[in-house]
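Enquirer: Please find one structure pasted underneath; my questions will follow.
Each reported figure results from applying straightforward, stated rules to the coordinates on display, with no laboratory input. Because the structure is a prediction, the values reported are computed rather than measured. Backbone-built Cβ (ideal geometry, glycine too); neighbour counts: all protein chains shown.
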Amino acid sequence: MVLTKLNEVLLTQIANAGGGKYYDTGNFYSDINRIQHQINSFGEKGGKTEVMDYADLFPYFIFIAFLLLILEFIFLERRNQKLTNLKIFK
């Protein structure tokens, strides 16, 4: 059995450390209105928004892995009977 307990002091400290605010949502509608008002006030301040766009590099790694896989099948002695006589890697 797991018992949980709300630690509002710790949650408030975490919110303050991150520059945010903690709201106890005991009374659902009034707290939602406060949060909505807070969100709407962000747009009024004219704050700067910064968006970073990252390039996806995973296709290059997939291509290299696929190329190495093909090379393994080409040079694997058990798969290619013509290369067993050459003894390239011995």
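Enquirer: Apply the Karplus parameterisation 6.51 cos²θ - 1.76 cosθ + 1.60, with θ equal to phi minus 60°, to every residue of region 6-22 and state each ³J(HN,Hα) to the nearest whole Hz, in sequence, with x for glycine and proline.
Expert: Once θ is set to phi - 60°, the couplings for region 6-22 become 6, 10, 5, 5, 5, 5, 5, 5, 5, 5, 5, 5, x, x, x, 10, 9 Hz.
Enquirer: Right, something else. So what J values fall out for region 57-63 if you push phi through Karplus, 6.51 cos²θ - 1.76 cosθ + 1.60 with θ = phi - 60°, rounded to Hz, Gly and Pro as x?
Expert: 9, 5, x, 5, 5, 5, 4
Enquirer: How much length, in nm to one decimal, is gained on full extension between Y22 and F58, taken as 0.36 nm per residue of separation minus their Cα-Cα distance?
Expert: 9.1 nm
Enquirer: Moving on. Using a Förster radius of 35 Å, what is the FRET efficiency between H37 and V2 based on their Cβ-Cβ separation? Nearest 0.05, please.
Expert: In this case the efficiency is close to 0.50.
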